[in-house]
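Contents: one structure, followed by commentary.
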Amino acid sequence: MAGVLARKAVDHLRSKEFRDYLMSTHFWGPVANWGLPIAAITDMKKSPEIISGRMTFALSCYSLLFMRFAYKVQPRNWLLFACHVTNETAQLIQGGRLMKYKMEKKQAAK
């Protein structure tokens, strides 16, 4: 059973359709885009005082728009969609960290 499944996977990886996919913008566009969520995730370890609220908002809007694009384009680009879901989540977490930091700073000033 597992051998049959493994054989099908290998056959798919060797197929012309898969090679064509690897040479398309449907593959390389999202691969290049993964830099945004990776950077946002690594920034979560840094101090929230370096977070730019404007940039976080802009990247959040950008990812929302491109999630819709990735879903609407034919054929659907699930790799791009996953990239922007990840980035949207990371940006919302960063935005939450920024708001928490500013509220704590405001409370400490009183």
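The set of residues in segment 70-80 being over 16 Å from Trp34 (Cα atoms) and either of a type in the set (A, V, I, L, M, F, W, C) or assigned to a helix (DSSP H, G or I) (or both) consists of Tyr71, Lys72, Val73.
Annotation note: Cβ proximity below 7 Å between a residue of segment 17-34 that is within 17 Å of Met67 (Cβ to Cβ) and a residue that is part of a loop (DSSP other than H, G, I, E, B) and open to solvent by less than 80 Å² (accessible area, probe 1.4 Å) (sequence gap 6+ or interchain) occurs for His26/Asn77; Pro30/Asn77.
Touching a Leu at 6+ places or on another chain (Cβ under 6 Å) and either within 26 Å of Ser24 (Cα to Cα) or touching a residue at least 40 places away in the same chain (Cβ under 8 Å) (or both): does that describe Ala39?
no
The number of residues in segment 63-97 being open to solvent by 40 Å² or more (accessible area, probe 1.4 Å), touching a residue at least 24 places away in the same chain (Cβ under 8 Å) and more than 11 Å from the chain's Cα centre (by Cα) comes to 4.
I'd like the residue in segment 22-46 that is assigned to a loop (DSSP other than H, G, I, E, B) and at pLDDT 90 or above and, out of all such residues, is nearest to the chain's Cα centre (by Cα). Per the criteria, the residue is Trp34.
Any chance you could count how many residues in segment 52-62 are within 18 Å of the chain's Cα centre (by Cα) and open to solvent by less than 90 Å² (accessible area, probe 1.4 Å)?
6
The values are calculated or read from the model by the stated rules, or taken from the named source; none is laboratory data. Please read these numbers as outputs of a predicted model, since none were measured by experiment. Cβ: placed from backbone, ideal geometry, glycine included. Neighbour counts: every protein chain shown. Ligands, DNA and RNA are excluded from the accessible area calculation, which covers all protein heavy atoms including side chains. Shrake-Rupley method; radii C 1.70, N 1.55, O 1.52, S 1.80 Å.
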